[in-house]
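This report concerns only the one structure given below.
Read-outs: derived from the displayed coordinates by stated rules, not from any lab. The model shown is predicted, which means the values in this text are computed figures rather than measured ones. All Cβ positions, glycine included, derive from the backbone under ideal geometry; neighbour counts span all protein chains shown.
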Amino acid sequence: MAHIFAIANQKGGVGKTTTTVNLAAALAAQGQRTLLVDLDPQGNATMGSGVDKRALQRSVYHVLLGLETLAASRHPSPSGKYDTLPANRDLAGAEVEMVELEYREKRLKRALAEHTGDYDFVLIDCPPSLSLLTLNGLCAAHGVIIPMQCEYFALEGLSDLVNTIKKVHANFNPDLRIIGLLRVMFDPRNTLGQQVSAQLEQHFGDKVFRAIVPRNVRLAEAPSYGMPGVVFDRTSKGAQAYLAFAAEMIERVKTF
């Protein structure tokens, strides 16, 4: 039975896609059968996994609209050793087209239901907005992983996201909960970053993952090669942080 997690944050530029791609690769490297679902029309997680979004004939768009099965639409990541349900610009039109469809907020959940035995982990990369696509991700997930920078505006966005998760839990998905907060792009020399990190630990306790992902050039370079940072340079500090995060996730799900 797969553990399905949405990687979400309504604030843009906080490392959602980097976290999704590298966590998928790190879990796969540790023997976990993993599927990455790209729900962002920009398709960055798709390209970062080494799948060419411009050449796709079938994608998550076709799955959400019921035009194709998930089995026919998934692609293996050439370097990451996990499967992807890829996305491209077609997905931008899906929100308008899904409005008229039955079970519009649970289209992804219904598609994944047939394949929960195929994987140990399913990771859903959500777009940086509360849209019908994000709602599909939250309705399909068992829990939410929140990547965030340790800065003031990130705390503001976190408050909004927690309220959103509560509403989805109350109205659509009673199984949804916050799995944990991952501190990313962390600079230990930054006093404000240290203060915000301490506040998070004080307020959220063990919901804050022990693993901390530092700012790392190698993680930023990896997508241009169509590879997760964990594969591109396994010895880099960023890759090592995501490998530690994956190990922590594997341990954490045993307690669910």
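Quick notes on this structure:
- Histogrammed with a bin width of 5 Å, the alpha carbon distances of region 3-253 distribute as 1, 7, 15, 19, 21, 17, 12, 6, 2, 0, 0 percent, first bin at zero.
- Taking the fewest neighbouring Cβ atoms within 10 Å as the starting point, the ordered list for Val162, Val96 is Val96, Val162.
- Sites matching GluC sites (Glu not before Pro) across region 14-103 that sit in DSSP coil, with at most 11 neighbouring C-beta atoms within 10 Å: Glu100, Glu102
- Relative packing of 2-15, 107-120, 165-178, 135-148, which averages over residues the other C-beta atoms within 10 Å, highest first: 135-148, 2-15, 107-120, 165-178
- Calculated diffusion of region 33-174, Stokes-Einstein form, Kirkwood radius summed over Cα pairs, 4 °C and 1.567 mPa s, µm²/s: 83 µm²/s
- Note on Met1/Thr191: beta-carbon distance plugged into 1/(1 + (r/R0)^6) with R0 of 30 Å gives a FRET efficiency of 0.10.
- Label-point separation in nm, Arg177 to Glu102, each point 7 Å along Cα→Cβ: 3.3 nm
- Going by neighbour counts of Cβ atoms within 10 Å, the residues Asp206, Asp125 line up, fewest first, as Asp206, Asp125.
- For region 86-165, the pair-distance distribution built from all alpha carbon pairs, in bins 10 Å wide starting at 0, is 15, 44, 32, 9, 0 percent.
- Modelled this way, with points 7 Å down the Cα-to-C-beta line, the labels at His169 and Ala220 are 3.6 nm from one another.
- Most to least packed among 232-238, 77-83 [average Cβ atoms within 10 Å]: 77-83, 232-238
- In sequence order, calculated HN-Hα J values of region 68-82 (Karplus, 6.51, -1.76, 1.60; Hz; x Gly/Pro): 8, 7, 5, 4, 7, 9, 7, 10, x, 6, x, 10, x, 6, 9
- Taken over the alpha carbons of region 147-256 as equal point scatterers, the Debye sum produces base-10 log I(q)/I(0) values at 0.14, 0.22, 0.24 Å⁻¹ of -0.68, -1.23, -1.28.
- 21 Å Cα-Cα reach of Lys166 towards lysines, excluding residues that sit fewer than 8 places from it in its own chain: Lys11, Lys16, Lys106, Lys109, Lys207
- Other residues within the sphere of radius under 10 Å centred on the Cβ of Ile4, judged by their own Cβ, net out at 0 (K and R +1, D and E -1).
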